[in-house]
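For reference, the structure is listed below as structure tokens.
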Amino acid sequence: MDNIQYSAAVEYAAASGTLSSIWLLFAIPLASAAVLFLLGRRADKWGHLLGVASVVATFVLGLVYFFQLKGLSGNRSAEVDLFSFMPVGSLKVDFGLLLDPLSAVFVLLITGVGSLIHIYAVGYMAHDPGRRRFFAFFNLFIAAMLLLVLGNNYVMLYFGWEGVGLASYLLISFFFDKPSAATAGKKAFLMNRVGDAGFAIAMFLMFAQLGSVNYDDVFNGVNQLTQGTVLVMGLLLLLGACGKSGQFPLQAWLPDAMEGPTPVSALIHAATMVTAGVYLIARSNAVFSANATLQTVVVSIGALTLLIGCVIGCAKDDIKRVLAYSTVSQIGYMFLGVGLGGAAYALAIIHLLAHGFFKAGMFLGAGSVMHGMQDQVDIRRFGGLWKYMKITWITFGLGYVAIIGLPPLSGFFTKDPIILAAFNRPGWTGWLFGGAALLGAGLTAFYMTRLFVLTFHGPKRWTDGQHPHESPAVMTVPLVLLAVGSVASGFLMSTSVVDWLTPVLGKHAEEHGRLGHWTVTGMTMAVVALGLAAGVLLFRKGTALEEQPAGPVVTAARNNLYADTFNELVFELPGRYLTRALVFLDNRGIDGVVNGLAAMVGGGSGRLRRAQTGYVRSYALSMLGGALLVVAALMAVTLG
Amino acid sequence: MDPSYYIVLSAALFTIGAVGVLIRRNAIVVFMCIELMLNAANLALITFSRMNGSLDGQIMAFFVMVVAAAEVVIGLAIIMSIFRTRRSASVDDANLLKY
Amino acid sequence: MSLSPYVPIVGLFALAAAFALFSVAAAPLTGPRRYNRAKLDAYECGIEPTPQAAGGGKFPVKFYLTAMLFIVFDIEIIFLYPWAVSFNALGLFGFVEMVLFIGTVFVAYAYVWRRGGLDWD
Amino acid sequence: MTFKLPAIDYLALAPMLVLFGAACAGVLVDALVPREWRYHVQVPLSLVALLASGGFVVALANRKEHVVTAGSAVVIDGPGLFLQGSIVVLGIVALFLVAERRLEPGGAFVAQAAVVAGSEADRKQMRKPGVTEVYPMMLFALAGMMLFCSANDLLTMFVALEVFSLPLYLLCALARRRRLLSQEAAVKYFLLGAFASAFFLYGVAMIYGYAGKVDFRGINEAVLGSSNSKTLLLIGLAMLAIGLLFKVAAVPFHVWTPDVYQGAPTPITAFMAACTKVAAFGGLLRVLYVAFERSSWDFRPTLGVIAAATMIVGAVLAVTQTDIKRLLAYSSVANAGYLLTGTLSMNRDGLKYTMFYLVAYGFTVLAAFAIVMLVRDSDGEATHLARWAGLGRRSPVFASLFTFLMLAFAGIPLTSGFTAKFGVFAAAVGGNMTWLVIIGVLSSMILAFPYLRVVVLMWLSVPGDDTPTVSVPGAFTAAALFVGVAMTLVLGVAPNQALELVNDAGAFLR
């Protein structure tokens, strides 16, 4: 099925005219962040306005560049080398930028959705004393995210990658009075570092094998590498992508990240940063398409994660956590898409864009609900809210319809083709992955219905003294705009954006697989309807306020499928024991050997001896031991 | 007489010094053992100088002696200052810094 | 030259480690355990076991100071001796170098003298 | 009997001669100038000497004439000059920290080292100004370090090693507060240092036996070329390496580092972390690249294992530390591992990026210790990490600066830590040491955790009653802090100039 038609060489055109100033895109938010940091309290009064203005300006600028790029003929790309970052010797890394169809759509997504969420945050954070700090971090994030998508080599991508990680860490821990927020920040940081390690090693491997980390050099050079090298390189990149995008086995941090303020969840942990992994794989499509095993791994991870996300999503009662697991599961769909390769790359990207709209919209809607309900997050404590917050209800509802994939909203145009593509993967795996994707669609319909019905319909289950009310216009206007996006974007993008992305992701002939388009659509609709109906029937009367005893499956799901326990067992414990063992060895071990012998025979005198055993001598012993080893090793290497 | 016997002797001296550092507790004696190691090196240098037929080794031995003397002075000063505080020259007593 | 004369060096290092381990381990087994008051005295409590250094058969610090000074100045002769032997051959260059060398020794001497290193009391 | 007198290029030696001369002058100042004037004479004297020395280094670099001089005892070449220049610049910054007297009446050093710690006389001297001998000792140490980096034979190297080590042993013992710890650190450092230098010397003797020469060129020619037993060469090389690895604090020769870093007066710890590192690696680079390049097949696997162990042990042990100075000490151990990784790549990139790393690390670590000096309460510096909880609320500026430095240590992009690590790792991959790079990346991931812990502690905890305040730095500390932080940023964002500098330095002269 791999009918990839790469033009023999990837070559980017140098930027000219207006496009040579694309560095402004990340410079503007960065400058704004710097101003907000440096001026400190003096900027408290107007800081949020500057923050919003800088992102809106960036969006306008992004539009200008987009149309400039559209006007170019032939090789639609613009490459700018700002300066040589590490210019010396065989290692040459430029501070270079690249605007091509792929990065252009990401720029529009980041700045567009980013602007709306910034505006929303003005209202959401209105009473928070740290609002200026919040906008500074938020602008920093936008700058880093733009750097991530605009770089023309992997080092630049890594810069942005670490930058968004840092901003995300700071924003998750923003309410640092809450210990859970601090813990969540730490967890996110650590799990991301695991992924980053993979990414970093992949970069060194590229450098070692291909002598460059520039996109064009790497993509053109992949063909010369052995399959094994490509596999290792791809797996390492995938590890990085999994860390950033909350995919199995590194998914546990993402739901905890909801401890941050809601606009953060919407922008960073739903719309943009967590999709960076998808961007990385789509950008490196030349690497991933070059090895079939690699693609299978990506597809498997996507399918597994999308199911994990759905199952856990069904059991959670915290409105933001449900949405978070839904994000995990939707990114699973995207991984499925990029893993399938070929034409599905573009499908994953349009699903990513559509997801950016509807998921951001729903998160903001959840924020609006929490705003009106005094920060209550438990969906068992909502109910009947549609009467009190009509705009939120309608916009959230549109997002909900979009995510479960009812026509003609965006999910229908973006998710269904991925399911179709999964079924059409050759061999028995097609049935497996297609089935998983189909099952996921049904589960998504079920848990989203549960969320929607419990929140907005059914009997009121609020605690006394709550007065639900609609949020101010500064918050509802972004909601409306995002809802419009989630309604319209699917249809608008389904062909035009796919064509637009062709230069980057390759041109693919129309495929005719084992199942036709309408067959799959019919199946999907049936499954979705089933899930929807089950959700409505079960929850239309509300739900019990307390957690009910449940069977093993639900319990497991409530416990995040024991992901934390798993992590603790597999990663944390060995690390902790290793540390302890080494500390022990350093302080006690050497003495311990000495003392141990004495204690065995001398019995009670052992303690006395230990009090007298000095460290200088044990240090000297370890040095002498080391010396012996060095001498012996040198002799062994040479003479042995 | 085969000059390489001197090399073996110097190795023996060096080893005795190294072992002495490990098993003696008095800082002054530990330090004397280190001096023994330095002098073992001197012996080796001079022997090799003779075996190689060049004077370099002997000149080096001069320098090493001067350096060793300077080291003695510094070492005694440090050991003396800690002895006056702690009333003990045992290296085992100096173990406030650990873990 | 054959390899053989130098292999014992490696052997000796190995012996060294073995011996060190052995002796540290064997000491408590074979050695006499004579506990006296001073040994068992807990230093940690802060009470100093002996009143002053003057007693207890210890030399005053002054002896050490003088000994140190003697060593450091005495050892400089090492460089004067070869120079003296070949004074003629080294000529003016050697003379100037030696004056500089002795100059630095005098700097140290001046320091010791001015800071009271030579005063007995 | 005729002698051929050695030709001496005095200009080439000028950077070191100036410092040695100034150090002798400093000794005389301490002998002849009245007590209350000494500080005011010593500090400008040291500063002027360092600036003059730096000027000579620049002049020599512009001369672009690489020479072997003083009877082939000293070589002045590109990398040597770069390292000398780094030592001078880092030395000036360290001098600022040493000269600080605003934080504590009389400075960080004891007034009379000979007074028994804890005695009545010791309490009396608490408020007296500190000893001024530290300045000449620092100059001696710096000059020794510079000589160590440009020594062309093993004897000169040994003498230089002692010239810079002996003052450091003494400097460690001179803390004003916590004198027992300080003296203990000095004893440990001295005994272990002397032990290590005995190994070094015995290694010199063995190499001399093998090659019949001790100058690097002669050794290089003798390697593979000599008819002597190779056992001698290997024993010699191993023992030489032990002496050097002790100074760079590589596992298992790192045992002194945490104790000494913790016990020594903080300005001296900073001085050791920055300048000694440069000197020790300068010497190691020269020995491995010039003298033993041809036997790199012999030593690379063994030293590679040491580098790996250093990175892992340093990082893992840093995780459980509770004292900020010990934490930085273990971090310094781990960094020695990264530097070794760069060194062992045995190619031009390795040399360049190792030198770059040394400078980058030096500035960052100086700034970090400058902040450690500032966080204090009535008992002096509060180094226990528990005391740092909530520092971010008490003094956000310094907590932010420290956070930035921690991020630089962790190798986050756009700080010098990233550029430097990327460089050495890339060089090592180029030198076919990929397995070491994998361990290095893993270790730096582990190492990010303790740094993060400090950051979290400072920002995300509520300050307790015993959270110390951050003193307002005097002009000297402020200058050192500013230079350190600024260079960390500049070398991270625009490392271009510095990289060109290391590139222009070229290769070692043989």
Residue ID - farthest from the other protein chains (Cβ to nearest Cβ), chosen from residues in the stretch D:103-144 that are hydroxyl-bearing (Ser, Thr, Tyr) and closer than 27 Å to D:SER86 by Cα | D:TYR135
Out of B:ARG86, B:ARG24, report the one residue that is more than 7 Å from every other protein chain (Cβ to nearest Cβ), in contact with a Leu (Cβ under 9 Å, 6 or more places away or on another chain) and of a type in the set (Lys, Arg).
-> B:ARG86
B:GLY75 vs. criteria touching a Phe, Trp or Tyr at 6+ places or on another chain (Cβ under 7 Å), in contact (Cβ under 8 Å) with a residue 40 or more places away in the chain and either farther than 16 Å from D:VAL159 by Cα or at the interface with another protein chain (Cβ under 7 Å from one of its Cβ atoms) (or both) = yes
Quickly run through the stretch D:161-187 and pick out the residues that are facing chain B (nearest Cβ under 7 Å) and in a helix (DSSP H, G or I).
-> D:GLU162, D:LEU166, D:TYR169, D:LEU170, D:LEU180, D:LEU181, D:GLN183, D:GLU184, D:ALA185, D:ALA186, D:VAL187
Please give the number of the condition D:TYR210 fails out of (1) buried (at least 24 other Cβ atoms within 10 Å of the Cβ); (2) farther than 21 Å from B:ILE34 by Cα; (3) more than 11 Å from chain B (Cβ to nearest Cβ).
-> (3)
Could we say that A:PHE199 is within 11 Å of chain D (Cβ to nearest Cβ), free of Cβ contacts under 8 Å to residues at least 12 places away in the same chain and within 30 Å of A:ALA13 (Cα to Cα) here?
-> no
Going through the stretch C:77-121 one residue at a time, which ones are surrounded by fewer than 11 Cβ atoms within 10 Å (Cβ to Cβ), of a type in the set (D, E, K, R) and assigned to a helix (DSSP H, G or I)?
-> none
From the residues in the stretch A:242-289 that are assigned to a helix (DSSP H, G or I) and aromatic (Phe, Trp, Tyr), which one is farthest from A:LEU116 (Cα to Cα)?
-> A:PHE288
What about A:LYS507, is it basic (Lys, Arg) and either modelled with pLDDT under 75 or under 30 Å from A:LEU99 (Cβ atoms) (or both)?
-> yes
When you look at D:ALA291, is it in contact (Cβ under 8 Å) with a residue 24 or more places away in the chain and either basic (Lys, Arg) or more than 10 Å from every other protein chain (Cβ to nearest Cβ) (or both), yes or no?
-> yes
Residues being in a helix (DSSP H, G or I) and touching a Leu at 6+ places or on another chain (Cβ under 7 Å): count how many of those fall in the stretch A:360-386.
-> 11
Name the residues in the stretch D:394-421 that are facing chain A (nearest Cβ under 8 Å) and either more than 21 Å from the chain's Cα centre (by Cα) or surrounded by fewer than 21 Cβ atoms within 10 Å (Cβ to Cβ) (or both), would you?
-> D:ILE412, D:PRO413, D:LEU414
Six or more apart or on different chains, Cβ under 6 Å: which pairs go from a residue in the stretch A:354-381 that's in contact (Cβ under 8 Å) with a residue 12 or more places away in the chain and buried (at least 24 other Cβ atoms within 10 Å of the Cβ) to one that's of a type outside the set (Lys, Arg) and not in a helix (DSSP H, G or I)? Could you list them?
-> A:SER368/A:SER471; A:ILE379/A:ASP317
Just a yes or no: is a residue in the stretch D:86-105 buried (at least 23 other Cβ atoms within 10 Å of the Cβ), at pLDDT 80 or above, touching a strand residue (DSSP E or B) at 6+ places or on another chain (Cβ under 7 Å) and farther than 21 Å from D:ALA280 by Cα?
-> no
Return yes when A:GLY185 is in a helix (DSSP H, G or I), in contact (Cβ under 8 Å) with a residue 24 or more places away in the chain, of a type outside the set (Asp, Glu) and over 21 Å from A:ARG283 (Cβ atoms) and no when it is not.
-> yes
For helices (runs of 4 or more DSSP H) lying entirely in chain B, having 2 or more residues that are of a type in the set (D, E, K, R) picks out B:27-52, B:56-86
Can you pull out the residues in the stretch D:233-263 that are over 15 Å from D:PHE299 (Cβ atoms), more than 10 Å from every other protein chain (Cβ to nearest Cβ) and of a type in the set (A, V, I, L, M, F, W, C)?
-> D:ALA249
Within the stretch D:163-186, identify whether any single residue is farther than 27 Å from D:VAL88 by Cβ and free of Cβ contacts under 8 Å to residues at least 24 places away in the same chain, and answer yes or no.
-> no
Starting from the stretch A:39-59, take each residue that is modelled with pLDDT of 80 or more and list its partners that are surrounded by fewer than 24 Cβ atoms within 10 Å (Cβ to Cβ) and in a loop (DSSP other than H, G, I, E, B), counting only C-beta distances under 8 angstrom and pairs at least six apart or across chains.
-> A:HIS48/A:MET125
Return yes or no: is D:PHE363 farther than 26 Å from D:TYR169 by Cα, in a helix (DSSP H, G or I) and not aliphatic (A, V, I, L, M)?
-> no
Go through the residues of the stretch A:387-405 one by one and say whether even a single one is of a type in the set (D, E, K, R), surrounded by fewer than 16 Cβ atoms within 10 Å (Cβ to Cβ), without any contact (Cβ under 8 Å) to a residue 60 or more places away in the chain and in a helix (DSSP H, G or I).
-> yes
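Conditions tested, residue by residue: (1) under 30 Å from C:GLY116 (Cα atoms); (2) touching a residue at least 40 places away in the same chain (Cβ under 8 Å).
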site	(1), (2)
D:ILE8	no, yes
D:CYS24	yes, yes
D:LEU32	yes, no
D:ARG38	yes, yes
D:GLN42	yes, yes
D:GLY55	no, no
D:GLU65	no, no
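The values are calculated or read from the model by the stated rules, or taken from the named source; none is laboratory data. Keep in mind that this is a model prediction, so the values were computed, not measured. Because the Cβ atoms are built from the backbone with ideal geometry, glycine has one as well, and the counts that use them run over all protein chains shown.
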